[in-house]
Amino acid sequence: MPEPAVCEGCGNVYADRRWSLPETAVESNKHPHFRPATLVLCPACEIEKSGVAAGYVHLEGRFLNEHWIEIERLLLNETARALADNPLGRIMGIETDDEGATTVRTTTEHLAQRLGHALEKAFHGNVRYDFSHENKLTHVWWSRGGELRMEN
Ligand SMILES: [Zn+2]
């Protein structure tokens, strides 16, 4: 990929063979070898566009429904912190089904794992990680105050 490149979807910047958040672009602009940036779509935006997530966090149990505001805040804060390490890890969507189980879709496997660890650390409960290296897909199952649904 030509460098520097800028994602036309989110403004992420590709330079020195890595992606950075838009605010880092200001630093890149000071780079002595700065060239006008090429417009591309970053891997996170590609995944969002395709609609096919790389990570899923499944949440369920009574605790979830009683403490959703705290849980959602934790998920969003952890995602914001993770962005500093990897600007390609984002939440694509959060959906709740009729039975009250919630699914968080992420653009990277790593973010799903990280959210699982954060949930475990903050709220305890039961957690299980399912890795499918072949499909590059991770499912994280977290529950508290209810049964873990192990099947997909
Ligand atoms: Zn992007």
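No lab work stands behind these numbers, since they all come straight from the coordinates. Since the model is a prediction, treat every value here as computed from it, not as a measurement. Glycine also receives a Cβ, built like all others from the backbone with ideal geometry; neighbour counts cover every protein chain displayed.
Numbers below:
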item	result
Normalised per residue, the volume of the convex hull around the Cα set of the chain (Å³)	117
Helix-only CD estimate at 222 nm, as mean residue ellipticity for the chain, using -39500 (n - 2.57) per DSSP H run (n ≥ 4)	-10000 deg cm²/dmol
Cysteines not pairable in the chain (beta carbon separation under 4.7 Å absent)	10, 45
Per-peptide average of other Cβ atoms within 10 Å, ordering 7-13, 79-85, 95-101 highest first	7-13, 79-85, 95-101
Neighbour net charge for residue 111 - beta-carbon separation under 12 angstrom, K R +1, D E -1	+1
